[in-house]
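Enquirer: Take this structure, written in structure tokens, and hold onto it; I'll ask about it next.
The values are calculated or read from the model by the stated rules, or taken from the named source; none is laboratory data. As the structure is a computational prediction, the values presented were derived from the model and not from experiment. Don't worry about glycine lacking a Cβ; one is built from the backbone with ideal geometry, like all the others, and counts go over all protein chains shown. Just so you know, the surface numbers come from the protein's heavy atoms only, side chains and all, with ligands and any DNA or RNA stripped out. Shrake-Rupley method; radii C 1.70, N 1.55, O 1.52, S 1.80 Å.
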Amino acid sequence: MENKLNLKELTRDRFIIFDGGMGTELQARGLKTGETPELLNFTAPDVIKSVHLDYLKSGSDVISANTFGANRYKLEGCGKSVEEVILAGVQIAKTAAAESGRNAFVAQDIGPVGQLLEPTGTLTFEEAYDIFKEQVVAGVKAGSDLFIIETMTDLYELKAALLAVKENSDLPVICSMTYEENQRTFTGVPVEAEAILCEALGADAVGINCSLGPKELMPVVEKLCNATTLPVIVMPNAGLPDPETGRFTITAEEFAIYTEQMIQYGVSIFGGCCGTTPGFIRAVAEKLEGKKPVARSVKKQSYVCSSTRVCCVDQPRIIGERINPTGKKLFKEALKNDDINYILNQAIEQVNAGADILDVNVGLPEIDEKAMMVKVVKSIQSVTDTPLQIDSTNPEVIEAALRIYNGKAIVNSVNGEEESLEKILPIVKKYGAAVVGLTLDNNGIPKKAEERVAIAKRIIDRAEAIGIAREDIYIDCLTLTASAEQEAVKETLKAVRMVKEQYGVKTVLGVSNISFGLPNRELLNHIFLSLALENGLDLPIINPNIEAMTGTVRAFKLLHNIDVNSAQYIATYSDTATQKPVQKAENITLEYAIDNGLKEAAVNVTRQLLCENEAMDIVNDRLIPALDKTGTLFEQGKIFLPQLILSAGVAQSCFDVIKESLSKSGDTPVSKGKIVIATVKGDIHDIGKNIVRVLLENYGYTIIDLGKDVPPEAVVDAAEKHGATLVGLSALMTTTLKSMEDTIKLVKAKLPECKVMVGGAVLTADYAEKIGADYYAKDAKEAVDIAKKVIG
Amino acid sequence: MMIDSIDKKEALRYLGIKGEPDNGTKELLDICEKELLKSASPKFLFRIFEISDNRTEGIRLENCSLILPGKDIGELLQGCKKAVLMCATLGGGADALIRKMQITDMAKAVITDALASAFIEQVCDYAEGEIKKSAIVFSLTDRFSPGYGDLPIGLQKDFLSVLEAQKKIGLCATDNMLLTPKKSVTAIIGLSEEKRTATHRSCDECDLKNSCLYRKDNVYCGK
């Protein structure tokens, strides 16, 4: 083998063989369950070396150092530093490689941290990155030849590790994830998403290891080989473990036979995981003897993805345009109040309406766009798996968003201006995103299609020059308003057709702009949309909540034989005819709707009431008394939590209607005052706090919800920034009461005027008093009573 | 493992609903049950260890580095030759579902949360059944979890690592020893050769003894 490892070149002509299981070999040599295997690098280096040597003798070209769990979380309190453990592990492996006389390579093995990343866990992406960075830096220093990041189940964690390698070393890196029988990882990652991310971020090989035997992994292996141009590595377990004994079930010979079958799909790197021994590797080496890897022809596609959903732009895909404050008073208000829930609602609504991708724009002069973008992207990804398009002109904002984005995103946008190309394209390349190129430059938007196509060409050339693939370049030929530039409409359509035909790139258009300033906008929008689709538009940016727009795309797909057998169309529309007639609003009062959880009816009644009444009168005379009534029934034990919340939800939608109407008439939305709420640092159980939020919002308070696991400083900062006079804290666990106490202390020290109410399963009134809280709320209803007392 | 319906009576109890629920709640329970069954991927894991030593400073297990300290676990395992370490989870999908519902429909979120709590107990019961099959001659003690009584919650991390819970079922603990995914359980069960009578754990050892709603009504949370 050559000295510098180029996996892609090397695997053109020959297979590479990794080693087999380390953990199981060590247990066979007496390691106790629960002991830290990496400490054997110090207590039993000879044992480790003997395992390596056995693999090398059996035919391994690459051995993995005993560093799988050598991270600061797993090694905590063991008495050895990450650097020491990695240095020792790599050195033992290198000594073994040298002794074996083979020209073998040493891979530094990197496994999962041992804690789950957000949103399921509490470890942040940034913290995970730092943990991996420490390992990578130590590995480079120790002289590792390459890295293998393996047994990953979360794409986000894999991204943190891969980024840490790419930013802190020049060594080759292999990534491998672990799949269950449903062909997804524990966190739901499909193998295509692994392939897309690894290719985007520049991994040298991608693969699958652990959890199942080679036979069970076969279908996942086939899928992976069809989804990537990178060399593919497979390291299965020795079959499935026997449920009684925990022992693995297949023989080395069977293992090798299955391995051989994987050659046909294009696998070029083989090894073994749990339960495999040097005997297995020897059998594999014998089977591969004299054979060559099969070249794959993988169709290049335009992909974007989140960690659990892949969107292939091989047909028109809808980009939802609603997450954007431009011209939206309520959205701006939400951004100023850090009201992430408002934005999340917009996200979910669009996804339910049929958006395939969501555009995310949070640019507003008064706020920190970068911090907000990061927060919004993370939050949206915690409630939907729809891929995102990062919409900003600020390179710093784009980079911050791409860095923490889980998957492969689209950047919206670059344009033909030198500054834009120079600053944004390298970021797109680094994070492996797709990019929208706007056909405008310093001279504005050209009138003629040919001129726009020329700008497109310039953007494509520049993007390709720095290594962005053609399939990741999407061109936006720009929609001009028909009312102002009527003759430009057909130029846009022509340009779409031309860039598509001449350069084979995907096309994007913001559609709604066409009708600006004209009546019956919906009509123009959806006709223009169908014209654009016919001219080759792939990614319409639209409001998917408008049925005519989403419907146009669905109909187009049916008529173009993309929606085969009209399956999607029928699934969407077959129920429409049989839908129940909406309950007539005139028979229903607002109070009845709230009592009975009738959201739609309540919204209709509110709309009618708004025609004849002042908004605040509806709130004070109708909504709040109705809520008070349910609150009292709840206190009396006549209704229970679900009904209380159901009524609150109905009232909430009435408030939304009122706010919308107020913002349209230019009035400020109703607010009785601001309350900061948070689940304290260390605690992740926040459903109770969220119930409190809904009820408080119902009574007209503006809630600054800081979420869960919130440090004391953040609570104080938010209360100060928003001028809140009341802070609500929740904690579920005894273990986190201490941080509740710390938070109260800090609030009292910094903002002596601010009142604090607390709640949570383990709290009592006495304890609340003891830790310095002003109020104890035993449930959400009491929190409302306290807010009334403090704020009015 | 096939659990195709969730114990709604138990979920209602978690929701604080006494008596027959109203029709709206019933309907929501059905809808949420379906969604939860679709989103959750229940998994469990257990290992049976010989108890090598049951001294005052803690229980030692054969060929295992974990020590179980405290008086309470000693009492639980009194007379047991073996102990089972088990863990179970509904997976990240259940968390994600509840998270999403909290944005779109809080009432559904609250009901699904209660259903999930009932569901994870059912998974544990199922796991107990499997444990019984693996150890026919024994009878089982109650499930006892890190954080109960004087058994430190700080054990969580090592407990999970003994079971290789992250690798095998995707279960971890946070720095504060909370389990993630949230709807998860870790527990110790003693295997005894004698028949044991089920005992209610005393409320004295419970963190919630002062605020417990069941206690106010003179009922126990344990079955």
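Enquirer: If you average the alpha carbon positions of region A:232-259 and of region A:95-153, how far apart do those two centres end up, in angstrom?
Expert: 24
Enquirer: What ranking do A:336-348, B:164-176 get when scored by the average of other Cβ atoms within 10 Å per residue, highest first?
Expert: B:164-176, A:336-348
Enquirer: Note the per residue figure in Å³ for the convex hull of the C-alpha positions in region A:674-790. Display every interim value, and only then the final one.
Expert: Working: hull volume 9.2 nm³, N = 117.
Value for region A:674-790: 79 Å³ per residue.
Enquirer: Another question, if that's okay. Using the Kirkwood radius over C-alpha pairs as Rh, can you work out the diffusion coefficient of the protein assembly as shown via Stokes-Einstein at 25 °C, viscosity 0.890 mPa s, in µm² per second?
Expert: The calculation lands on 79 µm²/s.
Enquirer: Computed over the Cα atoms, what is the radius of gyration of region A:199-329 divided by 2.2 N^0.38 Å, N being its residue count?
Expert: 1.40
Enquirer: Arranged from highest to lowest average of other beta-carbon atoms within 10 Å per residue, in what order do the peptides A:206-213, B:59-66 appear?
Expert: So the order, starting with the most tightly packed, is A:206-213, B:59-66.
Enquirer: Sticking with this one: Within a 10 angstrom radius of each residue's Cβ in B:107-118, how many Cβ atoms of other chains show up on average? Whole number is fine.
Expert: Mean inter-chain Cβ contacts per residue within 10 Å come to 4.
Enquirer: Please give the per residue accessible area of region B:8-216, computed with a probe of 1.4 Å over protein heavy atoms only, in Å².
Expert: Heavy-atom accessible area per residue stands at 44 Å².
Enquirer: Normalised radius of gyration for region A:33-288, please: alpha carbon Rg relative to 2.2 N^0.38 Å, two decimal places.
Expert: Scaled against compact globular proteins, the figure is 0.95.
Enquirer: Can you tell me the FRET efficiency between A:D621 and A:E9 if r is taken as the Cβ-Cβ distance and R0 is 60 Å, rounded to the nearest 0.05?
Expert: 0.20
Enquirer: What distance in nm separates the simple spin-label points at B:E130 and B:S65, each placed 7 Å from Cα in the Cβ direction?
Expert: Here the answer is 2.5 nm between the modelled labels.
Enquirer: In peptide A:753-764, how many Cβ atoms from other protein chains are near each Cβ within 10 Å, on average?
Expert: 2
Enquirer: Next question. Let me check something: with ligands and nucleic acids excluded, how do A:D705, A:D130 order by accessible area (1.4 Å probe), largest to smallest?
Expert: A:D130, A:D705
Enquirer: If you line up the Cα atoms of region A:437-531 on their principal axes, what length do they span on each, largest first, in Å?
Expert: 45, 26, 17
Enquirer: Now, a different point. For peptide B:85-96, compute the average count of partner chain beta-carbon atoms within 10 Å of each residue's beta-carbon.
Expert: Mean shielding by partner chains, rounded to a whole number: 3.
Enquirer: So how tilted is helix A:521-534 from the main axis of chain A? Cα-based, degrees 0 to 90, rounded to 10.
Expert: Taking Cα atoms only, the helix is inclined about 20 degrees.
Enquirer: Compute the distance from the alpha-carbon center of region B:91-133 to that of region A:584-633, in whole Å.
Expert: 34
Enquirer: Can you tell me the orientation of helix A:547-559 relative to chain A, as the angle in degrees between its alpha-carbon axis and the longest Cα principal axis, to the nearest 10?
Expert: It is inclined by approximately 40 degrees.
Enquirer: Tell me, what is the percent relative contact order of chain A, built from C-alpha pairs under 8 Å that lie six or more residues apart?
Expert: RCO, chain A: 7 percent.
Enquirer: Say we join alpha carbon atoms closer than 10 Å with springs in a Gaussian network model of chain B; which of B:P42, B:P181, B:P152 then has the biggest fluctuation?
Expert: B:P152
Enquirer: Compute from the Cα atoms of region B:80-194 the Rg and the Dmax, the latter being the longest Cα-Cα distance, and quote both in angstrom.
Expert: When restricted to the Cα atoms of region B:80-194, Rg and Dmax are 15.5, 52 Å.
Enquirer: How big is the dipole moment of region A:281-361 about its Cα centre under a simple scheme where the beta carbon of each Lys and Arg is +1, that of each Asp and Glu is -1, and everything else is neutral? Debye, nearest 20, please.
Expert: I would put it at about 540 debye.
Enquirer: Still on this structure, please answer the following. To one decimal place, what orientation-averaged projected area in nm² is obtained for the convex hull of the Cα set of region A:303-576? Walk me through the intermediate numbers first.
Expert: Working: hull surface 56.0 nm².
Reported value for the Cα convex hull: 14.0 nm².
Enquirer: For region A:607-737, report the convex hull volume of the alpha-carbon atoms normalised per residue, in Å³, without decimals.
Expert: Taking the convex hull of the Cα positions in region A:607-737, it is 117 Å³ per residue.
Enquirer: If I model a spin label as a point 7 Å beyond the Cα along the Cα-Cβ vector, how far apart are those points for A:Q264 and A:E534 in nm?
Expert: 4.7
Enquirer: Filter the cross-link list A:K721/A:K788; A:K599/B:K183; A:K674/B:K182; A:K638/A:K674; A:K448/A:K500; A:K708/B:K8 down to pairs whose alpha-carbon distance in this structure exceeds 19 Å.
Expert: Numbers: A:K721/A:K788 22 Å; A:K599/B:K183 30 Å; A:K674/B:K182 30 Å; A:K638/A:K674 31 Å; A:K448/A:K500 16 Å; A:K708/B:K8 28 Å.
Violating the 19 Å Cα-Cα cut-off are A:K721/A:K788; A:K599/B:K183; A:K674/B:K182; A:K638/A:K674; A:K708/B:K8.
Enquirer: Which GluC sites (Glu not before Pro) does region A:265-350 hold that lie in a coil by DSSP with at most 14 other beta carbons within 10 Å?
Expert: Those that pass, being in a loop and sparsely packed, are A:E289.
Enquirer: Please list the non-local residues whose amide H lies under 5 Å from the amide H of A:S268, H modeled 1.01 Å from N, same-chain partners needing a gap of 5 or more.
Expert: The list, which skips near neighbours in sequence, is A:V232.
Enquirer: Between A:S483 and A:N513, what is the spin-label point distance in nm, taking each point 7 Å from the Cα along the Cα→C-beta axis?
Expert: My value for the distance between the label points is 1.6 nm.
Enquirer: So, one more: Would you mind computing the Rg to Rh ratio of region A:119-188 from its alpha-carbon coordinates, Kirkwood style for Rh?
Expert: On the way: Rg = 12.9 Å, Rh = 12.7 Å.
Rg/Rh for region A:119-188 comes to 1.01.
Enquirer: Give the average over all directions of the projected area of the C-alpha convex hull of region B:12-69, one decimal, in nm².
Expert: Averaging across all directions leaves 7.5 nm² for the Cα convex hull.
Enquirer: Could you tell me which of the pairs A:K159/B:K167; A:K329/A:K750; A:K133/A:K430; A:K300/A:K408; A:K32/B:K43 are separated by over 21 angstrom between their Cα atoms in the structure shown?
Expert: With Cα atoms farther than 21 Å apart: A:K329/A:K750; A:K32/B:K43.
Enquirer: Only helical DSSP H runs with n ≥ 4 go in: add -39500 (n - 2.57) per run for chain A, normalise by residue count and round the 222 nm mean residue ellipticity to 500 deg cm²/dmol. Spell out each step's value before the answer.
Expert: Working: 30 runs with 367 residues, N = 792.
Value at 222 nm, helices only, nearest 500: -14500 deg cm²/dmol.
Enquirer: Moving on to the next point. Take every DSSP beta bridge whose two residues both sit in chain A, then give the antiparallel share in percent to the nearest 5.
Expert: Taking every DSSP beta bridge within chain A, about 10 percent pair in antiparallel fashion.
Enquirer: Ignoring ligands and nucleic acids, what accessible area does A:E366 show with a 1.4 Å probe (Å², nearest 10)?
Expert: Accessible area of A:E366: about 120 Å².
Enquirer: Helix A:687-698 versus the longest principal axis of chain A: what angle, 0 to 90°, nearest 10, using Cα atoms?
Expert: For helix A:687-698, the angle is close to 20 degrees.
Enquirer: Here's a follow-up. Rg to Rh for region A:585-664: what is it, with Cα atoms only and Rh by Kirkwood?
Expert: 0.98
Enquirer: Related question: Hey, what does the equivalent ellipsoid look like for chain B, semi-axes from the Cα gyration tensor as sqrt of 5 times each eigenvalue, largest first, whole Å?
Expert: The equivalent ellipsoid of chain B has semi-axes of 31, 20, 17 Å.
Enquirer: Picking from B:G19, B:G70, B:G91, which is most flexible by a Gaussian network model of chain B using Cα springs under 10 Å?
Expert: B:G19
Enquirer: Grab the beta carbon distance between A:K291 and A:A98, set R0 = 35 Å, and tell me the FRET efficiency rounded to 0.05.
Expert: After rounding to 0.05, the efficiency reads 0.80.
Enquirer: While we're on this one: At a probe of 1.4 Å, how much accessible area disappears from chains B and A on forming the pair, both sides counted, to the nearest 100 Å²?
Expert: Accessible area lost upon association: around 4400 Å².
Enquirer: Now for a separate question. What's the Kirkwood radius of region A:705-761 in Å, using all Cα pairs?
Expert: Roughly 11.3 Å, rounded to one decimal.
Enquirer: A further question on this structure: Please give the Cα centre distance for region A:703-742 versus region B:162-196, rounded to the nearest Å.
Expert: For region A:703-742 versus region B:162-196, the Cα centre distance is 30 Å.
Enquirer: Could I ask something else about it? Give me the percent relative contact order of chain B, please, defined on Cα pairs under 8 angstrom at least 6 residues apart.
Expert: Answer for chain B is 25 percent.
Enquirer: Once region B:3-125 is represented by equal point scatterers at the alpha-carbon sites, with solvent omitted, what log10 I(q)/I(0) does the Debye formula produce at q = 0.16 Å⁻¹?
Expert: -0.79
Enquirer: Enter the per residue convex hull volume of region A:1-125, computed from alpha-carbon coordinates, in Å³ rounded to the nearest integer. Please list the in-between numbers first.
Expert: Details: hull volume 17.3 nm³, N = 125.
Per residue, the Cα convex hull of region A:1-125 comes to 139 Å³.
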